[in-house]
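Asks: Okay, handing you the structure first.
The numbers here are math on the coordinates, done by the rules we state, and not lab data. Quick caveat, the model's predicted, so the values are computed rather than measured. Here the Cβ positions follow ideal geometry from the backbone for every residue, glycine too, while neighbour counts run over all protein chains shown.
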Amino acid sequence: MALFRSSEDRKARKAGVDESRIPPGQYYTDKWPVLQAGSVPRVDLATWDFRAFGLVRQPIRLSFDDLVALGAQEQTSDIHCVTRWTKLDMPWKGVPMKALLDVVQPLDSVRFVIAHAEQGYTANLPIEVIRDDDVMLAYEAEGRPLTPEHGFPLRLLVPSRYFWKSAKWLRGIEFSDTDKPGFWEGYGYHNEADPWREERYGF
Ligand SMILES: Nc1nc2c(c(=O)[nH]1)N[C@H]1C(S)=C(S)[C@@H](COP(=O)(O)O)O[C@H]1N2
Ligand SMILES: [Mo]
């Protein structure tokens, strides 16, 4: 482990990485590790759908093509995994969360959203967090469609939080007036998960 860390540190120095971009307790990596609880789901786009539901004026159920037609955004964002790796300047493309919010129109009583993914995986976020301009429903990373293990066809991307909040194999977003801790939050991970505050674990 120590060897691995120091070789990554050497790579970071070689790449001229600005250390102030690495949150506390994280290390730089130029790889993109794969992490999840459970197996990689096999997804058939012909039967796949995306739902937005709960406290919204306009609940929706969309095919992949109809979701993509809501709008596109390309951006470069950093990702921070609670297992301590940070990957910088990743190119992403997806539907801006703002485009979805414009369509579904969350009610004023909404305070939280819950991302719902294949196999029952969930992640919760305050509604203000997903209103950030850099939150998207991502379908491309590094210039290519998401691979199965990174969430094909769609994942949430919330760069301001540890990466477990960025649910892979996303199938829907629930809008709620109450908080519903998600999969990792239920195992004791921090509800807010801000890497700059090092919010790794709750209690
Ligand atoms: N559906 C689903 N999404 C998930 C997870 C998961 O287990 N299931 N794990 C999370 C965790 S802990 C991390 S670190 C990232 C990893 O994404 P990556 O494999 O693309 O690096 O996915 C997150 N999204
Ligand atoms: Mo993670």
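Asks: Each residue of region 177-192 in turn: what ³J(HN,Hα) in whole Hz from Karplus with 6.51, -1.76, 1.60 and θ = phi - 60°, glycine and Pro shown as x?
Replies: My calculation for region 177-192 gives 8, 10, 7, 9, x, x, 4, 6, 4, x, 8, x, 6, 5, 5, 8 Hz in order.
Asks: Let me check against my output: what whole-number percent is the relative contact order of region 93-156, with C-alpha pairs under 8 Å and at least 6 apart?
Replies: 37 percent.
Asks: Continuing with this model, one more query. So if the hydrodynamic radius of the chain is defined as the Kirkwood radius over C-alpha pairs, what does Stokes-Einstein give as its diffusion coefficient at 20 °C and 1.002 mPa s, in µm² per second?
Replies: Estimated via Stokes-Einstein, D reaches 123 µm²/s.
Asks: In whole Hz, what ³J(HN,Hα) sequence does region 63-70 give by Karplus (6.51, -1.76, 1.60; θ = phi - 60°), x for Gly and Pro?
Replies: Taking θ as phi minus 60°, the curve returns 6, 4, 4, 5, 5, 4, 5, 5 Hz for region 63-70.
Asks: Nearest 0.05, what FRET efficiency do ASP65 and ARG111 give at R0 = 30 Å with Cβ-Cβ as r?
Replies: Once rounded, the FRET efficiency stands at 0.40.
Asks: Let me ask something else about it. What residues qualify as long-range amide H neighbours of GLU199, i.e. H under 5 Å apart, gap of 5 or more or another chain, H built at 1.01 Å from N?
Replies: ASP194
Asks: Here is a follow-up. Does anything in region 127-157 have its amide N under 19 Å from the 7 Å Cα→Cβ label point of GLN119, and if so which residues?
Replies: The answer is 146-157, whose backbone nitrogens lie closer than 19 Å to the label point.
Asks: Let me ask something additional. Based on the mean of other Cβ atoms within 10 Å per residue, sort peptides 19-31, 155-167, 77-89 so the most packed one is first.
Replies: Going from most to least packed, we get 155-167, 77-89, 19-31.
Asks: How about LYS165: which lysines have a C-alpha closer than 21 Å to its C-alpha, ignoring those fewer than 8 places off in the same chain?
Replies: Cα-Cα hits under 21 Å: LYS31, LYS87, LYS93, LYS98, LYS180.
Asks: Moving on to the next point. Amide H to amide H, which residues 5 or more places from ASP179 or on other chains are under 5 Å from it, using H placed in the peptide plane?
Replies: none
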